[in-house]
Amino acid sequence: MGNYIRFDWAMKRLLRNKADHVVLEGFLSVIFKRQIKIAKILESEGNQDFEEQKFNRVDFLAEDEQGELMLFEIQNSHELDYFHRMAYGASKVIADYLGKGEPYRNLKKVYSINIVYFTLGQGKGYAYHGTVNFVNMSDDTDVLQLTDGQKKAFKVETVSQIFPEYYLFRVNNFDQLATSSIEEWISFLKTGEIPDTYTAQGLPEAREILRVDNLNEEDRKAYNRYVENLRFNRSVMDSSRIEGMMEGEEKGIEVGMKMGMAKGRAEGISQGIKETTKRMKAEGLDIHLIAKITQLPLSEIENL
């Protein structure tokens, strides 16, 4: 175990404290490239009792001073339909925080920030950003824009600012030297270490707040259980994957052998028919009769 607490466990246990919001605010400010101040932590599944939650997933909902909502999702174990969960999570937050009878223009902006520790989708990078735009189906250079009246009423400049935005960090895909603020954060998320050279916003505070040796006895025991659960879960997943690969390989060999035997048998039968045909021709049998017996085409019989 490293010197620093894992970010996902810290979000469940420590970073909900207002005094420690500076760490999350730093991370968000680095992501959005503007200063973010958290006004409050809202009720979500991730805000329930820690011990009742599964260790492979963390969710955390915060509201900034502008009233925008930030949904953090951290997934440790492989989840095939995680993209669907991203869509559902953002949609649910929108529905939960639009008051009954409120006009749609009061809908809150939602950012879905997803940190995954497994291979999700196909791509070369480790950090992705997704927005919603409406593109002319006959001219892909024409993107639907807001009117001046809509911009004034909604206090946004583009259509995409109304819809949820998605940030996806595939932590295990990061395998380079950290040379930017976001890369320093992703490096920390992957390794759990914060070198003295890292200066990205939020990390200097994390270096102090997230020290394992700062935990009290109760939190230290809870954290050790969490880490051990993660290790056990990954061990089970790795074992299942290896066993599955071995079983698949064995079945592949078995099928291949059977196919080889079948192919050999078929080739042997075909060669036997040809040899028999040659003997029939040598005995002077009519080729039409030979064709009827062997089911070979006349052209092939003539060439033998």
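The values are calculated or read from the model by the stated rules, or taken from the named source; none is laboratory data. Just so we're clear, the structure is a prediction, and the values are computed from it rather than from any experiment. All Cβ positions, even for glycine, are placed from backbone atoms using ideal geometry, and neighbour counts span all protein chains on display.
In this structure, does residue 82 turn out to be more than 14 Å from the chain's Cα centre (by Cα), among the hydroxyl-bearing types (Ser, Thr, Tyr) and either modelled with pLDDT of 75 or more or over 19 Å from residue 169 (Cβ atoms) (or both)? In short, no. Does the stretch 1-34 hold any residues that are farther than 13 Å from residue 205 by Cβ and of a type in the set (S, T, N, Q), and which are they? Matches in the stretch 1-34: 3 only. The residues on offer are 29, 77, and the sole one that is at pLDDT 95 or above and among the small types (Gly, Ala, Ser) is 29.
Just to be sure before I move on: is residue 277 at pLDDT 80 or above, under 30 Å from residue 11 (Cα atoms) and not aliphatic (A, V, I, L, M) in the structure I sent? Spelling it out, it is not the case that residue 277 is at pLDDT 80 or above, under 30 Å from residue 11 (Cα atoms) and not aliphatic (A, V, I, L, M).
The residue list 132, 110 contains one member that is among the β-branched types (Val, Ile, Thr), in the same structural domain as residue 60 (by TED's automatic domain parsing) and either surrounded by fewer than 18 Cβ atoms within 10 Å (Cβ to Cβ) or within 15 Å of the chain's Cα centre (by Cα) (or both), which is 132. Figure legend. Inter-residue proximity from the stretch 288-304: first residues assigned to a loop (DSSP other than H, G, I, E, B), second residues of a type in the set (S, T, N, Q) and surrounded by 11 or more Cβ atoms within 10 Å (Cβ to Cβ), beta-carbon distance below 9 Å, spacing 6+ or different chains. Indicated pairs: 296/277; 304/277.
Restricting attention to the stretch 79-111, the residues that are without any contact (Cβ under 8 Å) to a residue 40 or more places away in the chain, basic (Lys, Arg) and not in a loop (DSSP other than H, G, I, E, B) add up to 2. If you filter the stretch 173-205 down to residues that are more than 25 Å from the chain's Cα centre (by Cα) and within 26 Å of residue 128 (Cα to Cα), you find that the one that is surrounded by the fewest Cβ atoms within 10 Å (Cβ to Cβ) is 197. Checked against (1) touching a Leu at 6+ places or on another chain (Cβ under 8 Å); (2) at pLDDT 90 or above, residue 47 meets all criteria but (2). Selection of the stretch 188-212 for residues being touching a helix residue (DSSP H, G or I) at 6+ places or on another chain (Cβ under 9 Å) and part of a helix (DSSP H, G or I) yields 188, 189, 190, 203, 204, 205, 206, 208, 209, 212.
Over 25 Å from residue 166 (Cβ atoms) and either part of a helix (DSSP H, G or I) or hydrophobic (A, V, I, L, M, F, W, C) (or both): is that true of residue 19 in this structure? For residue 19, the condition - over 25 Å from residue 166 (Cβ atoms) and either part of a helix (DSSP H, G or I) or hydrophobic (A, V, I, L, M, F, W, C) (or both) - is met. Entry remark, the stretch 207-216: residues being modelled with pLDDT of 90 or more and over 29 Å from the mean Cα position of the chain (by Cα) number 1 in total.
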